[in-house]
């Protein structure tokens, strides 16, 4: 038995994780034919990008040294 909902959204989900441009392309691709699987991964990437932006802004305002580096590596691993 084949799960077509997941299969249709796999390509969009992979593209969403590539870069900011891939994220935008995934949003455009998902807008024509909605896929719950792809939408989940697009939201995940949005959360990771916002978390990364927050860590960058925080380390710019308050110099955290090695802590900001460790947090950035943690977000990269996620």
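Rule-based calculations on the coordinates, nothing more; no lab input. Keep in mind that this is a model prediction, so the values were computed, not measured. Here Cβ is always computed from backbone atoms with ideal geometry, including for glycine, and neighbour counts include all displayed protein chains.
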Most fluctuating residue of 61, 27, 42 in a GNM of the chain with Cα springs under 10 Å: which is it? 61
Listing 49, 29 by rising number of other beta-carbon atoms within 10 angstrom, fewest first, gives 49, 29
I want to verify a result. In a Gaussian network model of the chain, Cα cutoff 10 Å, which of these has the top mean-square fluctuation: 18, 50, 64? 64
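Using the count of nearby Cβ atoms within 10 Å as a rough guide to exposure, how do 60, 17 rank from fewest to most?
On the way: 60 10, 17 14.
Listing 60, 17 from fewest to most nearby Cβ atoms yields 60, 17.
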